[in-house]
Amino acid sequence: MGIRFDKDTVRPTNGPMIFFSDPSSELSFSQEIRGAINSGLSFYSYRHPGDLMISFGSSEGFSPGIGTPGFVIGMFDPSLPYITIPYKGTGNCHSDLTSFTIPEISTSFNEYAVEIKEIKETLLKIETGKTVAARVATFDESIDLGATFFELSRKYPEAYVFCFATPATGCWIGASPELLLEGKNGELSTMALAGTRPTGLQQPWDDKNIEEQEMVKDYIVEVFKRNNLSPEVRDTFTKKAGDIEHICTPVTSSVARSSLDMENLLRELSPTPALCGAPRNVALELINKCENFSRGCYGGFCGPFHSVDDFLFNVVLRCAAVDERRFCVYAGGGITVKSKTEEEWEETELKLNTFLGSVICKKN
């Protein structure tokens, strides 16, 4: 457990502090977040799926890359450097990293329809693949981060709940159902998570969602093999995430510490086909061409890193970017040649509402 400082001066923590996810600790947790923001500190908080404990930490700076124990953030753009908020020390702020700015305007249905049309036309030409079309919904209100974090934890006990902020990334909060990569006891774990529908449906998944999920699974297996890993594909199941559900296939591999090039593996895994598309170069080109906003950390990843033997990174989704006067919620859907625009729009509405139902805004 980290060092708790007096409330008159807020200074960086010396490693993560631990809170319990019950009402008695909500106030002090919210105070730590407000203190970090008011003091201009980089900070992180997270709660692992099914856990009762919340970890919180802060630092005067951050460091590029992965290696120092701390909280790691990867943005959607795979060309950007990873960021670590260190558990100890101050890190090194890099002024050459561009600060993320929240989009000002929500994506309209017509804008989304145009993006889907262009994606489908491209996929028809190459006769394969999918691309994830994202949209944003912006709100001129300020989120109460501490209260919203606790509400997300209560509503989605099996999600990875997170909140973090740095000068380069801005501030983000969300509840992710998707593991990117975990290292524990000499084993790597990930999941192929794709396909979306409301919970409670009894019929089998349709062909469009099954094909979309297969692309994600096949890509992960290929990436593992390219990185000298031996992937073991586990049984596929339907994973519930609030009011929606997805097709999930766990993938694992044993690994020798000396043989793991973690950054190279992460560069290939993130953004995943579930958040970007496949072939990835085609999908990235289409996203950069069609979307008139920055995805920032949406579709990237975040999580604690202790060593190459002990880390847990989850995909940043079901999330919002936040500043002092507004917030912006992101959602996307996998577009294939079989996609129907109205259905894709409704899918993103479901995803947006899954998050928005837990947002608690500050009172004026």
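The values are calculated or read from the model by the stated rules, or taken from the named source; none is laboratory data. Just so you know, these numbers come straight off a predicted model, no measurement behind them. Cβ atoms come from the backbone with ideal geometry, glycine included; neighbour counts cover every protein chain shown. Remember, those area values only see protein heavy atoms, side chains included, never the ligands or the DNA or RNA. Shrake-Rupley method; radii C 1.70, N 1.55, O 1.52, S 1.80 Å.
Values for this structure:
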| quantity | calculated |
| --- | --- |
| Under-5 Å amide H pairs with ILE335, H placed in peptide plane, nonlocal only | THR131, VAL132, ALA133 |
| Average Cα contact separation per residue, region 228-319, under 8 Å, 6 or more apart, as relative contact order % | 18 percent |
| The chain, accessible area per residue, ligands and nucleic acids excluded (1.4 Å, Å²) | 43 Å² |
| Estimated Rh, the chain: Kirkwood, alpha-carbon pairs, angstrom | 20.7 Å |
| Interchain or long-range residues, amide H under 5 Å from GLU245's placed H | ARG197, THR199 |
| Surrounding net charge for GLY242, when Lys and Arg each add one and Asp and Glu each subtract one, Cβ distance under 15 Å | 0 |
| Å³ per residue enclosed by the Cα convex hull of region 155-313 | 138 Å³ |
| Cα gyration tensor, region 299-353 - rounded (a/c under 1.5), prolate or oblate | oblate |
| Accessible area of the chain belonging to carbon and sulfur atoms, whole % at 1.4 Å probe | 50 percent |
| Rough spin-label spacing in nm, given labels placed 7 Å along Cα→Cβ, for PHE109 and ASN353 | 1.4 nm |
| Mean separation of Cα contacts under 8 Å, 6 or more apart, over the residue count of the chain: relative contact order % | 23 percent |
| 13 Å beta-carbon shell around TYR298, net charge (K/R +1, D/E -1) | +1 |
| Residue-wise HN-Hα coupling along region 236-252, computed from phi with Karplus coefficients 6.51, -1.76, 1.60 (Hz; x: Gly, Pro) | 7, 8, 8, 9, 7, 9, x, 8, 10, 9, 9, 8, 10, 10, x, 10, 10 |
| Long-range amide H partners of TYR87 with built H, under 5 Å | GLY70, PHE71 |
| Neighbourhood net charge (11 Å Cβ-Cβ; Lys/Arg +1, Asp/Glu -1) for GLU346 | -2 |
| Rounded if a/c under 1.5, otherwise prolate or oblate - region 135-204, Cα gyration tensor axes | oblate |
| Reach of LYS120 by Cα under 13 Å, taken over aspartates and glutamates that are not fewer than 8 positions away in the same chain | GLU344 |
| Helix runs (DSSP H) in the chain reaching 20 Å along axis by Cα, Kyte-Doolittle at least -1.0 | 23-38, 109-126, 207-226 |
| Helical contribution to [θ] at 222 nm, DSSP H n ≥ 4, -39,500 (n - 2.57), averaged over the chain, rounded to 500 | -9000 deg cm²/dmol |
| Inter-centroid distance (Cα atoms) of region 155-179 relative to region 319-345, Å | 16 Å |
